[in-house]
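One structure is given here, and the rest of the page talks about it.
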Amino acid sequence: MLKDIKSNPKKLVADWQSLMRTFIRPEDDAARSTLLKYMEQILFGLHEFLRTKVGFTEEQPLKELGYRFTDTCLNENPEKKLADVITDLIEDIAPYAVNVASPYFVGHMTSAIPFFMVHLKTIVAALNQNVVKLETSKVVSVVEKQLQAKIHRLIFQKSEDFYREHVQNAETTLGTFIEDGTLANVTALWVARNKLLSPKPGFGGVEAEGIHAAYKAYDIDRLIVIVSALHHYSIKKACGVLGIGNENVIAVDMDDNNRIDMEALEKVISQIRENNRTGILAVIGIAGATETGTVDPLKQMAMVCSRYRVHFHVDAAWGGPTLMSAKYRHILDGIELADSVTIDGHKQFYMPMTCGMVYFRDPTHMDSVRYHSNYVIRPGSADLGIKSLAGSREAVSLVLDSALKIMGTQGYALLIEHGIETAHEFADEIRSRKLFQLVTPPELNILTYRICPEPMAEKLVRTKVEERYEINERLNHINMSVQRMQREAGKSFVSRTTLTKGRRNGEKIIVLRSVIMNPMTTIEILRQILDEQEDIFFSSFRSLDI
Ligand SMILES: *Cc1c(COP(=O)(O)O)cnc(C)c1O
């Protein structure tokens, strides 16, 4: 329970001297050991929570929690000392947060992180560098450029000479760190937009004159972005923000393996090209779809894009780190031909929130989003803020750079291979159980399945469209309920999503989705999760006529 602060007898007041003390590193032994004790409390107190508590349950309903947090006045006087605040966070907040580090939490792309990440993140906070400009970051900016070259090389594999030329080149930009994958995708499409609608005689460029003037100057009425129907919703957001309009995201059908249908893609492109009043801003390949983990045929897409001279963006927010695995990097073949690539650090680089990245094959592409100001990021400087959607930002590159030193790409490869291989084992287990149906087999480490009792599965094969619809509706209800009840029980967590099965106007089916990235998640744990789902199903739905 939250402690009632009003009953605290000792009233605290804001005074200059104690305020000043909070800015100074304590030199006396007592103060030092107090601060050390606090750090220990954070590391091990919070860790205790991560070991014992479970997921998002109604044990303490969100609504009730909400009632406790309705005070809308800022407190004038200090309420608590640091020690009490830390204790509160550990005892009153952490237990009601979600234990994403549990090996039984296999529903989302947020999972356990190595323990050392807390140390690295603490260093970033302690240094408090601002990477927007050299004057507030100095060496961190060059460390960041070096790391960008390393990740760029992981993706694009250019020559030694190329990286020697660009690694610390103040004029060129291989990529940028940004808050998250969403903003990385926005950045990629921002650059693509400015490249396409660039300045020309009589026109100052879309960045300067806006979309309306740009369409007039280029004699078009509309721009579109082409991507498979499994795209992340950040693509739509990006098109909204950039003035393209999110209805101009054209979702192409998938083939039977949930990859973009190449025939359909070419058809859309050639149709659009016949209408010369519509432009194509970009074609996007997905390397690890959020819902199914599937990877589009990147090489084929790259070839089509090069033939039609269209910007090819790869959204590898999830799958990008697979490139570190010699065993599985071939799944992403063709990514080296992309014009731009998004990767998230807070997903399969196992970093704490948040770290998005976007990389450009051509180190001059980001010139189209160059900004200067008089007091920072002056022309000619090497400030990283010159070509970035963000202004101030933290030195998150120090975390990733250090993590790569600690783990090596080989260490990351082991984690990624564990995820993929455990997902395949899980798929076999699902196939072997009568109650379940594997819906999308894993290509990387995500799979979807659903509860589908044999009699219903058989009926689905035999019956007509209308009846199938009805059966699927019932299955959807079952799967939704079982997922909810399992979450509620608080032992394990898989997520659910809705997929469209079959092409155009296919049936909407609710599936259970599991993401295997926690190295502690074993096939044994996954079997227990299925056992629990069977138990829930048989105790809640057995009486139904199925
Ligand atoms: C997670 C994800 C994103 C968005 O990333 P955020 O970091 O959540 O903004 C975009 N695309 C794909 C494929 C993703 O998996």
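No value in this document is a laboratory result; all are computed from the given coordinates. Since we're looking at a predicted model, the values are computed, not measured. Heads up, the Cβs are rebuilt from the backbone with ideal geometry, glycines too, and the neighbour counts pull from every protein chain shown.
Some notes on this structure:
- Over region 130-393, relative contact order from alpha-carbon pairs under 8 Å, at least 6 apart, %: 27
- Residues of region 485-525 with amide N under 18 Å of a point placed 7 Å along Cα→Cβ from L460: 495-514
- Between the amide H of R222 and those of G279, distances stay under 5 Å, these residues lying 5 or more places away or on another chain, with hydrogens modeled in the peptide plane.
- The antiparallel fraction among DSSP beta bridges confined to region 219-325 stands at about 10%.
- In loop segments of region 425-478 as defined by DSSP, the trypsin sites (Lys or Arg not before Pro) with at most 11 further C-beta atoms inside 10 Å of their C-beta are K434, K464.
- Shown is the FRET efficiency for I211 and Y96, computed with R0 = 45 Å from the Cβ-Cβ distance and rounded to the nearest 0.05: 0.50.
- Restricting the calculation to Cα atoms, the chain yields a radius of gyration followed by a Dmax of 26.0, 80 Å.
- Counting DSSP beta bridges with both ends in the chain, the antiparallel % (nearest 5): 60
- Extension gain, K81 back to D219 (0.36 nm per residue minus Cα-Cα distance, nm): 43.3 nm
- Over region 122-266, relative contact order from alpha-carbon pairs under 8 Å, at least 6 apart, %: 15
- At most 11 other Cβ within 10 Å, DSSP loop - trypsin sites (Lys or Arg not before Pro), region 285-355: R309
- Gain in span if fully extended, H119 to S159, counting 0.36 nm per residue against the direct Cα distance: 10.9 nm
- Were the residues from K37 through H330 laid out at 0.36 nm apart, the gain over their Cα-Cα distance would be 100.7 nm.
- By the helix-only formula, in which each DSSP H run with n ≥ 4 contributes -39500 (n - 2.57) and the sum is divided by residues, the chain has a 222 nm mean residue ellipticity of -13000 deg cm²/dmol.
- A Cβ-based charge dipole, computed about the Cα centre of region 130-393 with Lys and Arg at +1 and Asp and Glu at -1, lands at about 580 debye.
- Relative contact order [Cα under 8 Å, 6+ residues apart], the chain, whole percent: 18
- For V249, the residues 5 or more places off, or on other chains, whose built amide H falls under 5 Å of its own are V225.
- When the C-alpha to C-alpha distance is required to be over 25 Å, the pairs from K236/K508; K145/K237; K158/K237 that qualify are K145/K237; K158/K237.
- Chymotrypsin sites (Phe, Trp or Tyr not before Pro), loop per DSSP, at most 14 other Cβ atoms within 10 Å - longest free stretch of the chain: 376-546
- Loop trypsin sites (Lys or Arg not before Pro), region 57-94 (other Cβ atoms within 10 Å of the site Cβ: 13 or fewer; DSSP): K81
- Peptides 268-274, 289-295 ordered by packing proxy, namely the average of other Cβ atoms within 10 Å per residue, highest first: 289-295, 268-274.
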